Amino acid sequence: MLGPEAMLRSRRKKAPEETVEFPVAPMLDMSFQLLAFFILTFQAPSGESRIDLYLPSAPAALIASPDASPGRTRPGSMAPDLETDLVVRAEADELGDLVSLSLQGSEVPDAGALRDRLRRYREQLLGEPVTIRLVADDRLRYEEAARIIGACSAAGVDAVRLAGSDPGAGP
């Protein structure tokens with residue numbers, strides 16, 4: 001006769017091993033369905049990914065019409081000495097407060113005066129598009145920059161481009 005330990009060993013060896021089957025086909029089916037769903041419902045963001053670039057036009061590179069004489073401009077066109085790409089410089093102190101504001105090198109007291117000056121300038125251009133390049137000090141607070149951009153927008157400026165301050169340039 002066998003002892004209790006021998007009986008336990010013999011029973012363990014006689015039990016069939018269980019195999020676990022992993023159902024791969026349903027999982028692949030589900031993953032392809034999810035992939036197809038996301039591909040078919042994806043819509044690329046159109047407004048956020050579009051960047052408007054307004055490149056400055058060089059007057060020397062523009063081709064004059066053959067009937068235009070040197071001293072005469074076409075009707076509806078701007079005067080030859082007025083620029084449509086203007087530079088606004090904003091300098092800030094250590095705390096980020098606006099210290100000085102200038103338009104094309106001419107000092108402007110505040111954003112309201114900038115708005116009025118841009119509005120008068122825009123009227124002189126007779127409907128030509130005006131773009132502003134805002135050269136702001138890196139320390140300028142966002143509220144101050146937003147106030148300047150708002151003044152440009154209120155004056156009817158077509159585009160405002162932001163640029164970092166140039167370390168070698170003067171005020």
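The values are calculated or read from the model by the stated rules, or taken from the named source; none is laboratory data. Because the structure is predicted, anything quoted here is derived from the model rather than measured. A quick note on method: Cβ atoms are made from the backbone with ideal geometry, for glycine too, and the neighbour counts reach across all protein chains shown.
What number of residues in the stretch 107-156 are assigned to a helix (DSSP H, G or I) and farther than 23 Å from residue 97 by Cα? So the count comes out to 6.
Residue by residue, here is whether (1) farther than 18 Å from residue 131 by Cβ; (2) surrounded by 11 or more Cβ atoms within 10 Å (Cβ to Cβ); (3) at pLDDT 60 or above holds:
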| site | (1), (2), (3) |
| --- | --- |
| 41 | yes, no, yes |
| 53 | no, no, no |
| 63 | yes, no, no |
| 73 | yes, yes, no |
| 79 | no, no, no |
| 85 | no, yes, yes |
| 97 | yes, yes, yes |
| 103 | no, yes, yes |
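You will find that of 110, 137, 166, the residue that is more than 19 Å from residue 83 (Cα to Cα) and modelled with pLDDT of 85 or more is 110 and no other.
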